[in-house]
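Please treat every number below as a calculation from the coordinates, not as lab data. Every value quoted in this text rests on a predicted model; they were computed, and no experiment measured them. Neighbour counts run over all protein chains shown; Cβ positions are idealised from the backbone, glycine included.
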Amino acid sequence: MPDQKSNDPLHGITLAMMLEQLVERLGWDAMSQAVPVRCFSNNPSIKSSLTFLRKTPWARAKVETLFLEMISRDETSDSR
């Protein structure tokens with residue numbers, strides 16, 4: 001079978017990579033406003049957030065959406 005490129009924009013991007021980039025770009029405060037969960041507002045850490053997000057599908061979906069919006073804005077600004 002020939003190499004096929006995935007149409008999934010998150011293909012190859014781990015949850016940890018998403019969190020690290022979001023925290024670096026937005027910070028915990030902005031993330032807790034976008035996705036109101038305690039692991040982002042009370043003593044936040046990558047480790048505690050990963051644990052919570054792996055167990056909570058609705059919160060993970062919101063984080064993935066936030067990440068996709070961030071990279072979409074980056075691509076839009078790069079094309080100008």
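Compute the angle between helix 46-55 and the longest alpha-carbon principal axis of the chain, please, reported from 0 to 90 degrees and rounded to the nearest 10.
80 degrees
Provide the FRET efficiency to the nearest 0.05 for the Q33-S6 pair, computing r from the beta carbons and using R0 = 35 Å.
Working: r = 31 Å, r/R0 = 0.89.
For R0 = 35 Å, the calculated efficiency reads 0.65.
Once you have the Kirkwood Rh of the chain from its Cα pairs, apply Stokes-Einstein at 10 °C and 1.306 mPa s and quote D in µm²/s. Mind showing how you got there, number by number?
Values: Rh = 13.6 Å.
Using the Kirkwood radius from Cα pairs, D works out to 117 µm²/s.
Under a point-charge model restricted to the Cβ atoms of Lys and Arg (+1) and Asp and Glu (-1), what is the dipole moment magnitude of the chain relative to its Cα centre, in debye to the nearest 20? Don't skip to the end; give the middle numbers.
Numbers: 10 positive and 10 negative charges, 83 e Å.
Dipole about the Cα centre, nearest 20: 400 debye.
What angle, in degrees between 0 and 90 and rounded to the nearest 10, separates the Cα long axis of helix 57-78 from the longest principal axis of the Cα atoms of the chain?
Once rounded, one gets 60 degrees.
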